[in-house]
Amino acid sequence: MEYKTMESQIYFISGIDTDAGKSYCTAWYARQLAQNGKRVITQKFIQTGNVGHSEDIDLHRRIMETGYLPEDREGLTMPEIFSYPCSPHLAARIDRRPIDFNKIERATLELARRYDIVLVEGAGGLMVPLTEEYLTIDYIAEKQYPLLFVTSGKLGSINHTLLSLEAIKNRGIRLDTVLYNLYPTVEDKTIQEDTMQYIKNYLAKHFPDTKFEVVPEI
């Protein structure tokens, strides 16, 4: 089941870990959609390590070349911000306030009312805890958001990717697209190229309906 609101589509973006390049890939994907005529906006549903703004949204706008949007100024694209750079469950504990999931959902739905496509970027990888008992992957499954999953060709990413794909299948999440991130540049592309082919072959066998997109360096 795809999550649709007012004819809009909401996608969740997660990845193999905190350094997979989710923000870069989210912004790149949004830019591609915009160039194809879609009215698209990005949201960082929980930002940690900032006060008063989201550095990930800042990056999105630079790559999308839109400048700050009215929705950014309204706080709709960064509904929950915590000061300490760590997983959301710990950041919320340090700042002594719980994550307001209702606020996040209201913001996401309002963006969906205004735009054709909303790309919701997560914090860290799929299994990052949002509370002591609630993981990012639980949130995705509960909302039934199609998933855009970010991986790369760095050493160890095959293992992280396959573990994530097992978890995605176990939760019944629809894996819409795998985004294979080529940024940052590596001189020796041996691992990067082999990992790309391995993941493509694995998807063809186990996730035949999932798209595969290579995210180039901008």
Self-check item: Residue satisfying all of: in the range 200-218; among the aliphatic types (A, V, I, L, M) and loosely packed, with under 14 Cβ neighbours inside 10 Å; nearest to the chain's Cα centre (by Cα) among these
Solution: VAL214
Quiz item: Do you know which of the residues in the range 86-99 that are within 19 Å of the chain's Cα centre (by Cα) and not in a helix (DSSP H, G or I) is nearest to LYS143 (Cα to Cα)?
Solution: ILE99
Quiz item: How about the range 113-138: which of its residues are touching a Phe, Trp or Tyr at 6+ places or on another chain (Cβ under 9 Å) and buried (at least 21 other Cβ atoms within 10 Å of the Cβ)?
Solution: VAL118, LEU119, VAL120, GLU121, GLY122, ALA123, LEU126, LEU130, THR136
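Which residues, counting only those in the range 135-181, are aliphatic (A, V, I, L, M) and out of contact with any strand residue (DSSP E or B) (no Cβ under 6 Å at 6 or more places or on another chain)? Reasoning before the result, please.
So in the range 135-181, the residues aliphatic (A, V, I, L, M) come out as 135, 137, 140-141, 147-148, 150, 155, 158, 162-163, 165, 167-168, 173, 175, 178-179.
The answer is ILE137, ALA141, LEU155, ILE158, LEU162, LEU163, LEU165, ALA167.
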Quiz item: Residues of the range 45-74 being among the small types (Gly, Ala, Ser) and more than 15 Å from the chain's Cα centre (by Cα), which ones?
Solution: GLY49, GLY52, GLY67
Self-check item: Single condition ASN170 does not satisfy, out of (1) crowded, with 18+ Cβ neighbours inside 10 Å; (2) within 20 Å of VAL128 (Cα to Cα); (3) not hydroxyl-bearing (Ser, Thr, Tyr)
Solution: (1)
Quiz item: Got a sec? Which of GLU142, GLU110 is over 18 Å from the mean Cα position of the chain (by Cα), of a type in the set (Asp, Glu) and either over 23 Å from GLY21 (Cβ atoms) or not in a loop (DSSP other than H, G, I, E, B) (or both)?
Solution: GLU110
Self-check item: Qualifying position, being under 24 Å from GLN9 (Cβ atoms), of a type outside the set (D, E, K, R) and assigned to a loop (DSSP other than H, G, I, E, B), among PRO184, PRO208
Solution: PRO208
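If the requirement is being of a type outside the set (Phe, Trp, Tyr) and at positive phi, which of these qualifies: GLU55, GLU80, GLU71, GLU65?
On inspection, the qualifying residue turns out to be GLU65.
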Self-check item: Scan of the range 55-69 for residues that are free of Cβ contacts under 8 Å to residues at least 40 places away in the same chain and either aromatic (Phe, Trp, Tyr) or in contact with a Phe, Trp or Tyr (Cβ under 8 Å, 6 or more places away or on another chain) (or both), ordered by number
Solution: LEU59, ARG61, TYR68
Quiz item: Quick check: is even one residue across the range 57-74 surrounded by fewer than 21 Cβ atoms within 10 Å (Cβ to Cβ) and in a strand (DSSP E or B)?
Solution: no
Self-check item: Filtered residue count, the range 171-199, keeping only those that are more than 17 Å from the chain's Cα centre (by Cα) and of a type in the set (Ser, Thr, Tyr)
Solution: 4
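Being at pLDDT 95 or above and among the hydroxyl-bearing types (Ser, Thr, Tyr) narrows it down to one of TYR29, TYR3, so name that one.
Values: TYR3 fails: at pLDDT 95 or above.
That would be TYR29, the only listed residue that is at pLDDT 95 or above and among the hydroxyl-bearing types (Ser, Thr, Tyr).
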Exercise. Could you run through the range 9-39 and say how many residues are more than 14 Å from the chain's Cα centre (by Cα) and more than 12 Å from LEU179 (Cβ to Cβ)?
Key: 9
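The values are calculated or read from the model by the stated rules, or taken from the named source; none is laboratory data. These numbers come from a predicted model, not from an experiment. Please note: Cβ atoms are built from the backbone with ideal geometry, for glycine as well, and neighbour counts cover all protein chains shown.
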